[in-house]
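All remarks here apply to the structure that follows.
The values are calculated or read from the model by the stated rules, or taken from the named source; none is laboratory data. Everything quoted here is computed from the prediction, not taken from an experiment. Note that each Cβ is placed from the backbone with ideal geometry, even for glycine, and that neighbours are counted across all protein chains shown. Calculation scope for accessible area: heavy atoms of the full protein, side chains included, ligands and nucleic acids excluded. Shrake-Rupley method; radii C 1.70, N 1.55, O 1.52, S 1.80 Å.
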Amino acid sequence: MDLRMVSKRHAFGIKSDVKDNIHYIDDVTVAYPVGRNVVIYNTQSNTQKFITGAEKTDAITAMALSPNKKYIAVAESGENPVVAIYDTTTRKRRKVLSIPDLGSKEFVSLAFSSIDGRHLATQGGYPEWNMVYWNWERSKALSMVSVAPDKQANGQDKSLVTQCSINPRDPQHICVSGNGLFKFFRYADGQLKQAPGGMGKRDPQNFLAHVWLPPDDRIVVSTDNGDLLLVENSEFKCILPLSPSDGLSIDSMISYSKGFICGGDMSLVSIFEKSDDKELYRKMKTMKVDSKKDETGMESDSMKVKSFALSQQEEYLCLTSSNNQIYLLNLSNADFSKAEDAIFEPLAQPFHSQGITGLDTCIRKPLVATCSKDKTIRIWNYVDHSVDIIKQFPTEGNSIAMHPSGLHVLVGFSDKLRFMNLYGDDIREFKNFPIRSCPECKFSNGGQYFAAVHGNIIHVYSTYTCDTIGHLRGHNAKVRCLYWLADDTRLVSVGMDGAVYDWNLKECRKENDNVMKSISYTSVVADGKNVWAVGSDKKLREMELASLTAIRDFDTGDYPLTTLAMAHSHRILFGGSDDGSVRAYAFPLEGGVQEQTLAHSAAISRLALTFDESTLFTVGDDCSLYVYDVKDKDGRSAKREVTFAEEILISKSDLEEKNAVINELRTKVEELKLDMDYQQRRREIKHEEKIKEMTDQFKEEMEQRAQKYEGLLALKNEQDINFTEIRRDMTEKHRGETTKMEMDYQAQQQASEEQVAKLKRDLEAQKRDFMNQLGNKDSQMEKTRKEMEENFQEALAVEKEMNESLRQEQKDLGREHEEIRRQLEIDTDQEIEEIKEKYENKLQSEREAFLRLKGENGIMRKKFNTLQKDISDKNEEINGLFETQSSLDQKIKGLEKDIEALKNEIKERDETIGDKEKRIYDLKKKNQELEKFKFVLDYKIRELKSQIEPRQDEIAQAKQKIKEMDSELERYHQNNLSLVLTINDLKLKIDGQQKEIHQLSNKLKDAETYKTRIRTDLSELANIIQDPKALKEAVKKLYQKHVKERVRDAQEMEEDLQKEYNRQRDYLEKTVESLKRKLVKDADSHKTDTNRIMNENVILIKEINELRREIKMLKSQALAKKGDSDVLGTSIGSARADDAHREIEMQRMEIQRLRQRIDDLERQLYARGRPVSSEKLPPMEGFDGTLTSGSARRTPPAPGSGGNTPSARGVTPPQMPHPPAIPEPPGSA
């Protein structure tokens, strides 16, 4: 059937009684059952795809996912239960597995094999409990066996088997567990047979779940009292030491890379990890899915964990519960070491946990409202596929109606009918009506009225005033359904009394009726001409609206319709069936059911259509809500267009609270802006200071480089003189050593030639002896080899003939067996049994013949192995002789290599002598070039010195100005500190004055109040001014009232002022004294810090002077050693010079570190405030006062150390070869 009118878009809910009802297809896709469909839900895009269940089945009972995540198996119950295999990508059905003689109406558990994924174990249910082992790719049942130990004893137990699974390492090894049942089965020789293993002599328990833990071939089994049993190598080993054993059942388990996870009663989830100690597995954490009454309306203590699923990367753990919820735990972010519980969040949104009783939608918003037996009301957004509001109530709702504006709902609770407003995230009651257990309530199409059913009476109210418009009486039994006509002036109702009434709301009277007492109607819809109603007689009745006379009846089949909805623009009638399917009837209705969509696993209780008739909603007793896209029979969408409103209701208190929060946040934003601006200004100031510091440092470095350059020039002149002397000494020494080496080499060469001649004579004699021995051995070996080859060839020929005959016979048997197997697969079941008996006998005889030939082949193989061993022994003897020969050859090669090495050495020494002579010539040439450079550089130096002298005077004047500016800056700093103290004192005085002003203003207000009272009392005296006696009494009372104490005279007031003045003066004097003490204390601490820093500076200066003296001494030693070296000691001298250079570099690095330390100390000193130095420190030895940027500002540089360097003036010295590493001259730092 081509499903074009109704297509599933989204489903809210889950079927929790399905075995293994959740699976991760990939890291963002989850598969779980909803009603009679399997939903493939994408967690990122919040979209769903559907795998529709098979027709002529009742419900989904079990699921399994293949190891490669490509296929999902779904078991469905019915008279002939089936297992359908679907492709998870295309959602197409690949195979349908069914077996006629299963002996049950359902499969209770499914399991794929892990290695190849081609085998599937399916466990049948009550009463036979047959397990079938399939090769599902060929749709072939390989074997079937009953797992029940005693059918008579266990036939009444409808939950005998709970789970079957296949060994991950052996696809033919199967485990089954249940109530008092734990068995292993193995598939061998075409049969499933019980394998050894199990619980041994342990008392039977109710085994609820088990899990394989690869790669150790272990199984952990859970029981109904919380025990975790460890089975290793198919035998019971022990109870895990850390198993709960608290009487709470463990209903589900799953393995992961570190161990396993289990869950069960009280919504508890425990995580176990593998351990190396005797406990085997340690419990990492036990968590509760929700510690309070959750949003499903069900206590978490009564909730069970039903199934687990892990993502491929083991980042997320999904679990399903017995109250139809899916929860998600982020394992990658969970910290199991903390005491608090991890947070389980709903996978998408919370669902209803019990049957849904009410459903309605609105016009202005994309919302749909539902009420349920779980005592919750939920407002769903069918565009975003989310739940907007969840509200828990003390009683359950029987019906719900939503106002067309989407701002109000009407709910019929078991105690009252409540009219409620929808706020942003809450539902609040506005008014209630004394109507108990209202089974049906409806807003009119315009929303100005609403009708509610109370037993057999229909009450009609005004929506905006909540006044009663009328009471519609006429039904003799409970009213089941109401339907407003398009103009809201008429109402159609049906009831359990078999009556259909057409009501006129203007006069609140019955216009027409149709009564059939044998029928109990459940739903009714109408248009401007006709009325359609369904009831308990499994028929759809069409009546004329004008007179409610029956026009025709339509049979609805075995499953009656329970509710109706009408799409007027599409001319389609939708019906919800008792079997959970949605039926679409296109007009005219004589064509019957145009389309049937499988949805719910229980009866559909309500249907609702949106105003534009593009979306259909269904709810049922299976706690799920389905959303469908609706098109007409030609595939066209709705013609009406609706623009949804975005406004919501909000109470005045909530609005004020939100405005207060907004204002507070705005204030915080302003404060943050100010803070950020302040931080930005601070960063800019710091950046400018850093630039200035770096500029000063760069100037100092330029001065130091100039001094270093002068030192290097002086050192270079000294080295030129030393190099001339060294070169002369090395030339003379080299000549003497060359003569001596030539004489030694000639004597050594003559001795080597004599030794080579002797070795050649010995080698010739050994070769002759070896060749004689080798000829004798070869002749003897050849003779033996020929004899053995002849014997072996004869035996090998016989063996080949026998093997060839056996292979041919085996091929014939194989072809014959393949033909038998092909015929077995094609023929019917009866032919299979007959041919099986015939060929099994023949196969047995062939097997016996094959075994006999196999034994003879083994005997021949032993003989062959004996001959092979003899041959190998002879080969080993031959190899020994070859090894002897090879060792002699190696000796000869070694001697030849020695001769070659000696020749190479002679050649290398000749080359070395030539290289040294060439180098002497190059050194002479370089010396001449250096003398030329020396002349040029001397001229440049004289010219640069003449340019530097005027610059030095300018630098000295600039440094004097800097010194004066530093002293002025210090003076400004002191003035700034005094001004800060003055400002603080003034602020304190201002605060005191403001407090005093505040007190005086309060006194003035009190005086004004007192004066007003006196004026009022005096104005009252004016009324009795003619009565002297009364006037006297009134004046007396007035005096007693206002004059409570004696008025003080002026002298007392002056005394009070003097006391107050003295008190204030004492307070100020004490404050001044405390500030003086604090100032003295701060000065002492400041002086201590200053002295400490100065002492550290003195120590550091001493260390620097000592290091300079060591550098001078090392330089003098290096120069002395260079003067004593000869020509062949060039390498030694250069090595020593390198060592000295490295040591000098280390000392230089140490000096740099100490300089950095001085900089840090000076910065600390400036941060605390520059101390007033009582005396000036003496200058450092060999130091010109340009240590750091800070010291450059305080101490003028020594004469001759100006910054007018050659590089700064643009004068570039001529390029010349780099001289060898030379120690730095004294004072170059």
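Annotations
Residue-by-condition table, conditions (1) over 17 Å from Ser520 (Cα atoms); (2) over 49 Å from the mean Cα position of the chain (by Cα):
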| residue | (1), (2) |
| --- | --- |
| Glu542 | no, yes |
| Ala550 | no, yes |
| Phe554 | no, yes |
| His570 | yes, no |
| Gly576 | no, no |
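- Criterion violated by Lys934 - all others in (1) exposed (fewer than 12 other Cβ atoms within 10 Å of the Cβ); (2) in contact with an Asp or Glu (Cβ under 9 Å, 6 or more places away or on another chain) satisfied: (1)
- Residue in region 918-930 that is touching a residue at least 12 places away in the same chain (Cβ under 8 Å), surrounded by 11 or more Cβ atoms within 10 Å (Cβ to Cβ) and over 25 Å from Ala714 (Cβ atoms) present: yes
- Test: Ser399 is modelled with pLDDT of 90 or more and surrounded by fewer than 21 Cβ atoms within 10 Å (Cβ to Cβ): no
- For Thr667, the stated conditions do not hold, so it cannot be described as of a type outside the set (D, E, K, R), more than 30 Å from Arg942 (Cβ to Cβ), open to solvent by less than 60 Å² (accessible area, probe 1.4 Å) and out of contact with any Ser or Thr (no Cβ under 9 Å at 6 or more places or on another chain).
- For region 187-203, filtering for residues that are closer than 18 Å to Thr122 by Cβ and open to solvent by less than 90 Å² (accessible area, probe 1.4 Å) leaves 4.
- Pro350 meets each of the listed conditions (1) more than 30 Å from Ser270 (Cβ to Cβ); (2) open to solvent by 10 Å² or more (accessible area, probe 1.4 Å) apart from (1).
- Qualifying residue in region 84-107 (condition: within 26 Å of Asp224 (Cβ to Cβ), touching a residue at least 24 places away in the same chain (Cβ under 8 Å), open to solvent by less than 20 Å² (accessible area, probe 1.4 Å) and in contact with a Cys (Cβ under 6 Å, 6 or more places away or on another chain)): no
- Contacts under 6 angstrom Cβ, first residue in region 1085-1102 being β-branched (Val, Ile, Thr), partner in a helix (DSSP H, G or I), 6 or more apart: Ile1093/Leu1161; Ile1093/Leu1165
- Of residues in region 682-722 being under 60 Å from the mean Cα position of the chain (by Cα), open to solvent by less than 100 Å² (accessible area, probe 1.4 Å) and aliphatic (A, V, I, L, M), the one farthest from Leu930 (Cα to Cα): Ile685
- Filter pass, Lys338 being at pLDDT 90 or above, in a loop (DSSP other than H, G, I, E, B) and open to solvent by 10 Å² or more (accessible area, probe 1.4 Å): no
The rows are residues; the columns are (1) touching a Leu at 6+ places or on another chain (Cβ under 9 Å); (2) open to solvent by less than 10 Å² (accessible area, probe 1.4 Å); (3) not aromatic (Phe, Trp, Tyr).
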{"position": "Val6", "(1), (2), (3)": "yes, yes, yes"}
{"position": "His23", "(1), (2), (3)": "yes, no, yes"}
{"position": "Gly35", "(1), (2), (3)": "yes, yes, yes"}
{"position": "Glu55", "(1), (2), (3)": "yes, no, yes"}
{"position": "Ile60", "(1), (2), (3)": "no, yes, yes"}
{"position": "Val74", "(1), (2), (3)": "yes, yes, yes"}
{"position": "Gly78", "(1), (2), (3)": "no, yes, yes"}
{"position": "Val82", "(1), (2), (3)": "yes, no, yes"}
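- Condition check for Leu609: open to solvent by less than 70 Å² (accessible area, probe 1.4 Å) and more than 29 Å from Val383 (Cβ to Cβ): no
- Pair list, Cβ < 7 Å and 6+ apart or interchain, from region 776-794 residues that are outside any helix (DSSP H, G or I) to residues that are loosely packed, with under 10 Cβ neighbours inside 10 Å and aromatic (Phe, Trp, Tyr): none
Conditions tested, residue by residue: (1) open to solvent by 90 Å² or more (accessible area, probe 1.4 Å); (2) in contact with a helix residue (DSSP H, G or I) (Cβ under 9 Å, 6 or more places away or on another chain); (3) within 24 Å of Tyr1067 (Cα to Cα); (4) in a helix (DSSP H, G or I).
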residue: Lys961; (1), (2), (3), (4): yes, no, no, yes
residue: Glu968; (1), (2), (3), (4): no, no, no, yes
residue: Tyr972; (1), (2), (3), (4): yes, no, no, yes
residue: Leu981; (1), (2), (3), (4): yes, yes, yes, yes
residue: Asn1002; (1), (2), (3), (4): no, no, no, yes
residue: Asp1006; (1), (2), (3), (4): yes, no, no, yes
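- Segments classed as strands (runs of 3 or more DSSP E), wholly inside region 369-466, with at least 3 members that are in contact (Cβ under 8 Å) with a residue 24 or more places away in the chain, in contact with a Cys (Cβ under 8 Å, 6 or more places away or on another chain) and not hydrophobic (A, V, I, L, M, F, W, C): 397-402
- Of the strands (runs of 3 or more DSSP E) contained entirely in region 575-636, those carrying at least 2 residues that are closer than 24 Å to Tyr483 by Cα and not polar (S, T, N, Q) fall at 581-586, 604-609, 615-620, 625-630.
- Across region 263-309, the qualifying residues are those that are of a type in the set (Val, Ile, Thr) and either touching a His at 6+ places or on another chain (Cβ under 6 Å) or assigned to a strand (DSSP E or B) (or both), and the one among them that is modelled with the lowest pLDDT is Thr286.
- Search result, residues across region 618-647 that are among the hydrophobic types (A, V, I, L, M, F, W, C), modelled with pLDDT of 90 or more and either closer than 24 Å to Ser405 by Cβ or surrounded by fewer than 18 Cβ atoms within 10 Å (Cβ to Cβ) (or both): Val619, Leu625, Val627, Val630
- The single condition among (1) touching a strand residue (DSSP E or B) at 6+ places or on another chain (Cβ under 6 Å); (2) under 27 Å from Gly35 (Cβ atoms); (3) open to solvent by 60 Å² or more (accessible area, probe 1.4 Å) that Lys538 does not meet is (1).
- If the condition is being modelled with pLDDT under 90 and within 16 Å of Ser109 (Cβ to Cβ), then region 148-178 contributes Ala148, Asp157, Lys158, Ser159, Leu160.
- Given (1) of a type outside the set (Gly, Ala, Ser); (2) in contact (Cβ under 8 Å) with a residue 40 or more places away in the chain; (3) more than 30 Å from Asp634 (Cα to Cα), number of the condition Val28 does not satisfy: (2)
- Taking region 541-570 as the range and being surrounded by 14 or more Cβ atoms within 10 Å (Cβ to Cβ) and among the hydrophobic types (A, V, I, L, M, F, W, C) as the test, the residues that pass are Met543, Leu545, Leu548, Ala550, Phe554, Leu561, Leu564, Ala565, Met566, Ala567.
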